[in-house]
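K.L.:
The structure that follows is given in the form of structure tokens.
The values are calculated or read from the model by the stated rules, or taken from the named source; none is laboratory data. Just so it is clear, the structure is predicted and the values come from calculations on it, not from any experiment. Methodologically, a virtual Cβ is constructed for each residue, glycine included, from the backbone with ideal geometry; neighbour enumeration extends over all protein chains shown.
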Amino acid sequence: MDLSLTDEQQALWDLARDFIDREVVPNSRDWDRREQVDRGIVAKLGAVGFLGMTIPEEYGGSGGDNLSYCLVMEELGRGDSAIRGIVSVSLGLVGKSIHKWGTEEQRQRWLPRLCSGESLACFGLTEPDTGSDAGNLSTRAVREGDEYVITGSKMFITNGTWADVSLVFARTGGPGPKGVSAFLVPTDAPGFEHREIKGKLGLRGQSTGELVLDGVRVPASARLGDEGVGFKIAMSALDKGRMSVAAGCVGLAKGALEASVQYAKERTQFGKPIASYQLVQEMLADMAVGTDAARLLVWRVADLIERGLPFGTAASMAKLHASENAVAAANLAIQVFGGYGYLDEYPVSKYLRDARVMTLYEGTTQIQKLLIGRALTGVNAFA
Ligand code: CAA
């Protein structure tokens, strides 16, 4: 794996850093306090090309390779994980799935508006009673002539109250993963309702919703892929999604480290900057090593994708390590900041609150370990 960046990748990384420092960092605390990011950020993300990365220009995308995508996700994660989540889900889980599995008509209909930020998408997989056991979902889609009638509910859906289209996974066949199909459902369809979920520990500025579909009718042409392929679509989306979350976690941990280094050099105790104490340096060193290791795991996933090689297990490893490291690094950052770290005057308390969900969504730490274990042994712990 070549670890050098091209001039284009480096320039994009610099652009992303500038964008985040200008458009996101100055607002992040207020958005968090208000529990609502400014919706205007979506158009800005579209204009700078971040909502269309890896999607070809013919569909309104901004193209680019997977490592470039990860560099942008890293900076978004440093700036505000609520913003990174908007992009990871709308583009990473849904836009990329439409590009990979969609008909030409579906691509033309949805991709240009998702890439520009005119529309947002959400990923309707998780249900109130099925999180890790996604193949057991109970939302149903019943075929009636040229239509499907979809009934069920979805839980913890990122972009859930903002999305114009939801990629809904629903059962068209028997039990288990093979009975699942995927549908592109406009969220203004009659019978489609969403409710905002408030009171979250972190990602407070991000729209997280519960979706209720009560006899929502969609034409058969809204089905993404064949009947029964829905679970494969979900899992392959999550393989790339886990890379995206991991890259965001690298940025979050990097932000926690940068803030800690700066604070440790400024803050004096016992007559010296606390950066001069060995126990503080140990914390900074632990954060730095864990974060660099996470970045290398993320870059390996991007490299495997570019070379057309299997990357699912590498994505699980990256997501597992990067999310656990983000929690650990943000927690250490609070220790470096002491009492001030407990206030939202500095960014580190938000980093910790935002980091906590990273070991839960897009597959918990435990699911990643079992996927890695299955790849190592050939034994399926889910069977
Ligand atoms: N790519 C393509 N196909 C895949 C696949 C992948 N990565 N993983 C599995 N499949 C296919 C399998 O090949 C299999 O098909 P065949 O029998 O034809 O080979 C079929 O799907 C079933 O696979 P499994 O036997 O592995 O299915 P399972 O029921 O045992 O589930 C699981 C495995 C790993 C537990 C899976 O359910 C899982 O990943 N659970 C976690 C769910 C998750 O990550 N949820 C996140 C919610 S989305 C979110 O958080 C977004 C947000 O808003 C932020």
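K.L.:
Tell me which residues, restricted to segment 345-368, are within 14 Å of the ligand (Cβ to nearest atom), of a type outside the set (A, V, I, L, M, F, W, C) and in a helix (DSSP H, G or I).
P.N.:
Within segment 345-368, 354, 356, 359, 365, 366, 368 qualify.
K.L.:
To continue, here is another question. Looking only at residues that are assigned to a loop (DSSP other than H, G, I, E, B) and at positive phi in segment 200-237, which one is surrounded by the fewest Cβ atoms within 10 Å (Cβ to Cβ)?
P.N.:
It comes out as 228.
K.L.:
Yes or no: residue 81 away from the ligand (no atom under 16 Å from the Cβ), over 30 Å from residue 228 (Cβ atoms), among the hydroxyl-bearing types (Ser, Thr, Tyr) and in the same structural domain as residue 19 (by the TED database)?
P.N.:
no
K.L.:
If I go through segment 135-168 residue by residue, how many of them are in a strand (DSSP E or B), within 20 Å of the chain's Cα centre (by Cα) and over 14 Å from residue 217 (Cβ atoms)?
P.N.:
Going through segment 135-168 one residue at a time, the tally reaches 8.
K.L.:
Using beta carbons and a limit of 6 Å, which pairs, at least six apart or on different chains, have the first residue in segment 18-34 and not assigned by the TED database to the domain that holds residue 205 and the second one in a helix (DSSP H, G or I)?
P.N.:
20/75; 20/79; 23/44; 24/79; 24/83; 25/79; 32/350
K.L.:
Under 7 Å by Cβ, and 6 or more places apart or on different chains, what pairs join a residue from segment 164-182 that is within 12 Å of the ligand (Cβ to nearest atom) with one that is of a type in the set (D, E, K, R)?
P.N.:
179/171; 180/171
K.L.:
Just one of the numbered conditions (1) surrounded by 13 or more Cβ atoms within 10 Å (Cβ to Cβ); (2) in a helix (DSSP H, G or I); (3) more than 11 Å from the ligand (Cβ to nearest atom) is not true of residue 376; which one?
P.N.:
(1)
K.L.:
When you go through 132, 119 one by one, which is the residue that is within 13 Å of the ligand (Cβ to nearest atom), within 20 Å of the chain's Cα centre (by Cα) and part of a loop (DSSP other than H, G, I, E, B)?
P.N.:
Step by step, each of 132, 119 is checked, and only 132 is within 13 Å of the ligand (Cβ to nearest atom), within 20 Å of the chain's Cα centre (by Cα) and part of a loop (DSSP other than H, G, I, E, B).
K.L.:
Enumerate the pairs (first residue in segment 68-95 and among the aromatic types (Phe, Trp, Tyr); second residue anywhere and crowded, with 24+ Cβ neighbours inside 10 Å) with beta-carbon separation below 7 Å, excluding pairs fewer than 6 apart on the same chain, so at least 6 apart or on different chains.
P.N.:
69/53
K.L.:
Going by what's in this entry, would residue 333 be described as over 15 Å from the mean Cα position of the chain (by Cα), touching a residue at least 60 places away in the same chain (Cβ under 8 Å) and not assigned by the TED database to the domain that holds residue 27?
P.N.:
Considered against the rule, which asks whether it is over 15 Å from the mean Cα position of the chain (by Cα), touching a residue at least 60 places away in the same chain (Cβ under 8 Å) and not assigned by the TED database to the domain that holds residue 27, residue 333 comes out as yes.
K.L.:
Okay, next question. Any residue in segment 358-374 that's not assigned by the TED database to the domain that holds residue 323: show its pairings with residues that are crowded, with 16+ Cβ neighbours inside 10 Å at Cβ separation under 8 Å, as long as the two are six or more apart or on different chains.
P.N.:
Pairs found: none.
K.L.:
Name the one entry in 298, 348, 357 that is more than 30 Å from residue 64 (Cα to Cα) and surrounded by 18 or more Cβ atoms within 10 Å (Cβ to Cβ).
P.N.:
So the residue among 298, 348, 357 that is more than 30 Å from residue 64 (Cα to Cα) and surrounded by 18 or more Cβ atoms within 10 Å (Cβ to Cβ) is 348.
K.L.:
I've got another one for you. May I ask you to verify whether residue 190 is over 21 Å from the mean Cα position of the chain (by Cα) and within 10 Å of the ligand (Cβ to nearest atom)?
P.N.:
Answer is no for this residue.
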